[in-house]
1. Going by the structure shown, is Asp14 surrounded by 10 or more Cβ atoms within 10 Å (Cβ to Cβ) and either part of a loop (DSSP other than H, G, I, E, B) or modelled with pLDDT of 95 or more (or both)?
2. Go through (1) more than 30 Å from Gln19 (Cβ to Cβ); (2) under 24 Å from the mean Cα position of the chain (by Cα); (3) open to solvent by less than 100 Å² (accessible area, probe 1.4 Å); (4) of a type in the set (A, V, I, L, M, F, W, C) and name the single condition Val71 misses.
3. Can you report the number of residues in the range 20-37 which are of a type in the set (D, E, K, R) and open to solvent by 90 Å² or more (accessible area, probe 1.4 Å)?
4. Can you tell me which condition Arg44 does not meet? The list is (1) more than 24 Å from the chain's Cα centre (by Cα); (2) at pLDDT 95 or above, and all the others hold.
5. Among the residues of the range 38-51, are any of a type in the set (Gly, Ala, Ser), surrounded by 11 or more Cβ atoms within 10 Å (Cβ to Cβ) and either out of contact with any strand residue (DSSP E or B) (no Cβ under 8 Å at 6 or more places or on another chain) or at negative phi (or both)?
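The values are calculated or read from the model by the stated rules, or taken from the named source; none is laboratory data. Owing to the predicted nature of the structure, the values given are computational and were not obtained by experimental measurement. Here the Cβ positions follow ideal geometry from the backbone for every residue, glycine too, while neighbour counts run over all protein chains shown. Surface areas here come from the heavy atoms of the whole protein model, side chains and all, with no ligands, DNA or RNA. Shrake-Rupley method; radii C 1.70, N 1.55, O 1.52, S 1.80 Å.
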Amino acid sequence: MAQMNVSIPEPMKDWCEAQVHQGRYSTASDYIRDLIRRDQDMRRGVRLLQAAIDEGLASGISPRTLDEIMVEARRRGEALQPDGS
């Protein structure tokens, strides 16, 4: 595994150490790795969302009314619910 030395302000160091002392992470390195993974996941989500927005904009103007679109969105949302509600 590669190593990195990073300088951070004292309050950030204290925060990181507190996460370890609270038992959330076994080491400061575990905490930093988790932060990086979360950042990667968030950025991946932003890219997917932006791609969906771009696709929607490129599709042009819908012939459906706003009410029709909302009914369809609610139907799709309900279909995603595990209990069907």
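1. Taking the combined requirement at face value, the residue satisfies it.
2. (2)
3. Pass one, the range 20-37, residues of a type in the set (D, E, K, R): 24, 30, 33-34, 37.
Next cut, open to solvent by 90 Å² or more (accessible area, probe 1.4 Å) only: 24, 37.
So the answer is 2.
4. Arg44 satisfies every listed condition except (1).
5. Taking every residue of the range 38-51 in turn, none turns out to be of a type in the set (Gly, Ala, Ser), surrounded by 11 or more Cβ atoms within 10 Å (Cβ to Cβ) and either out of contact with any strand residue (DSSP E or B) (no Cβ under 8 Å at 6 or more places or on another chain) or at negative phi (or both).
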